[in-house]
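What follows draws every value from the coordinates through simple rules; no lab data is involved. These numbers come from a predicted model, not from an experiment. Positions of Cβ are backbone-derived with ideal geometry, glycine not excepted, and every protein chain shown enters the neighbour counts.
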Amino acid sequence: MRQQQRLERAVASQHGRCLWCGRPFGELIAATTDHLVPRAKGGPSIAENEVAACRRCNARRGHQGPAQWAEQARELYGTAPEVRKLLLRLADRLDDVGGSRRARTYLDAQLRRC
């Protein structure tokens, strides 16, 4: 599946809203791909590792892990996703496809923080 298709799928599964702040995507708020496990940490470009985020949230998250950013998003916006559920889904997928040792180490650390 191509990146644009994965982004469209994430937007649809999130009901057209940013995962972190809940703002609806539209002409003024573009959807961007946000990796739960960053590519720099070995995160694969697969649907289970990609969520749709607005540019503001994607930039604000920066290098923070998803567990830490979810806590901050809850404080900033009064809402945050169930990150543990998303991370467990990703862990299951990584078990299926194998490899991604670096990603798995990062993912396990994030799961301990949830």
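For this structure, a couple of remarks:
- Rg [Å, one decimal], Dmax [Å, integer] - the chain, C-alpha atoms: 13.3, 39
- Extension gain from Arg2 to Glu71, taking 0.36 nm per residue of separation minus the Cα-Cα distance: 21.8 nm
- Percent RCO, i.e. relative contact order, over region 3-113, from Cα pairs under 8 Å lying at least 6 residues apart: 28
- Taking 0.36 nm per residue of sequence separation and removing the Cα-Cα distance, the Arg102/Ser13 pair yields an extension gain of 29.3 nm.
- Computed over region 17-69, the Cα gyration tensor eigenvalues convert (square root of 5λ each) into semi-axes of 19, 12, 9 Å, ordered from largest to smallest.
- At R0 = 25 Å, FRET efficiency that the Cβ-Cβ distance of Leu28 and Arg84 yields, to 0.05: 0.20
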